[in-house]
Amino acid sequence: MPRPKPVIYGLYSWTPDYGFRYIHPANRRSFEWLEPLGKVFEKIDETDDWILLRYDEQQFKVSGELFKELYDKPPFSFGDLVEETSPEDGRTAHRGLISDVYWDEATSTATFQMVEKKRKVKRVFEAEELRFA
């Protein structure tokens, strides 16, 4: 049985100023709404013409020209069940699924947002503030 492909993480630094030739016509509107700058994608497949990127539960076909692979793998990814390590006094720890992964190119670090009880937690967490639940 073939082994599954390893997940490749990367950035897709596209803005509407680049034009839409980089985005598959079926994905243009939803990709624009996602505002991809600074978000970490999983590259899950590629063909001669397009690469397939995943962000949370969405998939997008895009040109491979703007994809930049990250060699430092984020410690958490979409759908991972995590909990806050040190909640404020008197408050229970946030516990939920990773829904957003952001990348700071200046520091080469990821930050994370989670969904808790079907609602997105407004706070963005540093990696050291979370652990697998």
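Annotations
- Using a Förster distance of 25 Å, the FRET efficiency for R91-V115 (Cβ separation, nearest 0.05): 0.90
- Its relative contact order, with pairs defined as Cα atoms under 8 Å and 6+ residues apart, puts the chain at 20 percent.
- Portion, in percent, of the accessible area of the chain that falls on carbon or sulfur, probe 1.4 Å: 49 percent
- Whole-Hz Karplus values for region 9-20 come out as 9, x, 10, 10, 7, 9, 10, x, 4, 6, x, 9 Hz, taken residue by residue from phi with 6.51 cos²θ - 1.76 cosθ + 1.60 and θ = phi - 60°; glycine and proline positions read x.
- For the chain, the number of Lys pairs with C-alpha atoms closer than 20 Å, counting only pairs eight or more positions apart or on separate chains, is 12.
- Heavy-atom SASA rank of L53, L97 (probe 1.4 Å, accessible area, largest first): L97, L53
- Length gained on full extension, T107 to A26, computed as 0.36 nm times the residue gap minus the Cα-Cα distance: 25.8 nm.
The values are calculated or read from the model by the stated rules, or taken from the named source; none is laboratory data. Fair warning: this is a prediction, and the values are worked out from it, not measured in the lab. All Cβ positions, even for glycine, are placed from backbone atoms using ideal geometry, and neighbour counts span all protein chains on display. Areas reflect the complete protein model, heavy atoms only, side chains present, ligands, DNA and RNA absent. Shrake-Rupley method; radii C 1.70, N 1.55, O 1.52, S 1.80 Å.
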